[in-house]
Structures are given as C-alpha cells and as structure tokens.
Amino acid sequence: MDRYKRQKARMVETQLAARGIKDPRVLKAMTTVPRHLFVDEGLIDQAYNDNPLPIGEHQTISQPYIVALMTQALELKGRERILEIGTGSGYQAAILAGLVDRVFSVERIASLATRARKILDQLNCYNVAIRVGDGSFGWKEEAPFDGIVTTAAAPAIPQYLLEQLVPGGKLIIPVGGRDIQDLIKITRNSADINDIKKESLCGCRFVSLIGKSGWSE
Ligand code: SAH
C-alpha cells in the first residue's frame, strides 16, 4: 500500500505540479484517488507512469497529466453537475466525484461501464451515475451541466453537448483527426449556443468517439 502512496505522490509532484497544474483541489484529488485500482492487474506496477494504459476493448485510461489538465480546465468550485463522455476505467469520474456535487458519465461499451461501476462503488463514489449509450447526444434528461468533459476524440464540436451546457459552462474536448487532436476548452457565454469562446490547451492523442458526432466503428 505504502508503495502506491509514494508512487502517487511522486506522480503528482513530477508529472502534474512541475508541468503547471496549480489548482490545489485538483492536485489533492489526484493524490487521493488510487489509480492502480483502475488498471488491469498485470499493469498495476505502471499505474502511476506518465502515459495512458490499455483497459481492454481497445480503449485506454488517459495519462495522469491529461486527466489533471482537463479537470483543472473545468474550473470547479464544488457544487457543479458534470457530464463525462467516455467512462472507460472510471478513473476520471472518480477524480471528478471528489470535486463536484454530481457526475454523470456515459460509456458506449457495457463491459467497461460495469467494471467502472464496481470500482467506483468500492471507493464510495455514489455521486457518479453511469449510463451505457452514445454520449454524443449528451444526457438530455439530466441537462443542463456546468461542465462537460469528453475523453474520446471528435472530428468537430458536437452541437448536442454545447446545447446541454449552462451559460458560463465549459466543454473540454479533443477535436481533430483520428490519430492526433487539439485539446480544446470551449466556454458557452450566453443562451445563444453560437456565442462561445474557444481556447486550445495542448496537442493530444485520444481514442476515437464512436457515434453520431464521432466516427463509425
Ligand atoms: N475517461 C476514461 C478514458 C476512457 S477512453 C478513463 O478515465 O479511463 C474513452 C472511452 O470513450 C472509451 O471507453 C470508449 O469506449 C468511450 N467512447 C467512445 N465513443 C463513445 C461514445 N459515443 N459515447 C460514450 N462513450 C464513448
């Protein structure tokens, strides 16, 4: 146990703080959530390494730095309702769970959603709701959201997601080609969904969003 605690502390210091992750609440969440529970047993020794790892079904758990960067970009204060597209391992959802009021996460692959649910229950993350389906449509019944984080890459900004943001809400999403993308932060300024501010955070490489606003399989 101590070994993971040390590895986690080193990850936060060398991969996150040293690269400009400043939000103390995000750093604390990354220090608290046991990332090694979200990776396959055979990869447990690599859980705190500076890279994504396979989680089965040709999907990955994102690099810790990218998880921290996306979370920080949401500018969370504690009372938000956040939508995540792409539950995957459940790690990003667990980080959000400790930082906001409610997390809604959509995953298209049922086996990944089931596995994530089990780990999140083990960690008492009962404020995370998971649904299986195409997240390109968002989660209309639970909208609007204060922030949306999409952890799979889209060819363009999905309109359904912009529509489900409150004015002032933020959408963090990798946009670009199938192999390489730009991580974009979009702030919806007002009731008009065309009234947005767009900032590029960094280059990135995510697995593809498959569905209505993404690619076909
Ligand atoms: N946030 C995850 C990273 C998952 S990788 C984590 O912390 O581990 C991206 C995930 O998006 C994959 O599990 C993939 O199955 C899922 N995905 C791809 N297209 C999707 C869609 N249209 N709707 C919901 N999930 C999708």
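Just so you know, all these numbers are worked out from the coordinates, no wet-lab data involved. Please read all numbers here as calculations on a predicted model, not as lab measurements. Cβ: placed from backbone, ideal geometry, glycine included. Neighbour counts: every protein chain shown.
Looking at the stretch 128-143, which of the residues that are crowded, with 19+ Cβ neighbours inside 10 Å and in a helix (DSSP H, G or I) is nearest to the ligand (Cβ to nearest atom)? Checking each candidate, the answer is Gly135.
Condition test on Ser89, is it within 14 Å of the ligand (Cβ to nearest atom) and touching a residue at least 60 places away in the same chain (Cβ under 8 Å)? For Ser89, the condition - within 14 Å of the ligand (Cβ to nearest atom) and touching a residue at least 60 places away in the same chain (Cβ under 8 Å) - is not met. In the stretch 101-127, the qualifying residues are those that are of a type in the set (Val, Ile, Thr) and crowded, with 23+ Cβ neighbours inside 10 Å, and the one that is farthest from the ligand (Cβ to nearest atom) is Val103. Just so you know, in the stretch 203-217 the residues that are surrounded by 12 or more Cβ atoms within 10 Å (Cβ to Cβ) and assigned to a strand (DSSP E or B) include one that is farthest from the ligand (Cβ to nearest atom), and it is Cys204.
Each row is one residue, and each column tells you yes or no for (1) buried (at least 21 other Cβ atoms within 10 Å of the Cβ); (2) in a helix (DSSP H, G or I).
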residue	(1), (2)
Tyr4	no, yes
Gln7	no, yes
Arg10	no, yes
Leu37	no, yes
Pro54	no, no
Gly78	no, no
Ile82	yes, no
Ala94	yes, yes
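Would you mind stating whether Asp146 is in contact with a Gly (Cβ under 8 Å, 6 or more places away or on another chain), within 12 Å of the ligand (Cβ to nearest atom), in contact (Cβ under 8 Å) with a residue 24 or more places away in the chain and of a type outside the set (A, V, I, L, M)? Criteria not met by Asp146. The C-beta contact set for the stretch 95-119 (first residue of a type in the set (Ser, Thr, Tyr), second residue crowded, with 23+ Cβ neighbours inside 10 Å and in a helix (DSSP H, G or I), distance under 7 angstrom, 6+ apart or interchain) comprises Ser105/Ala93.
Residues that are among the β-branched types (Val, Ile, Thr), in a loop (DSSP other than H, G, I, E, B) and buried (at least 24 other Cβ atoms within 10 Å of the Cβ) within the stretch 144-190 comprise just one, Thr151.
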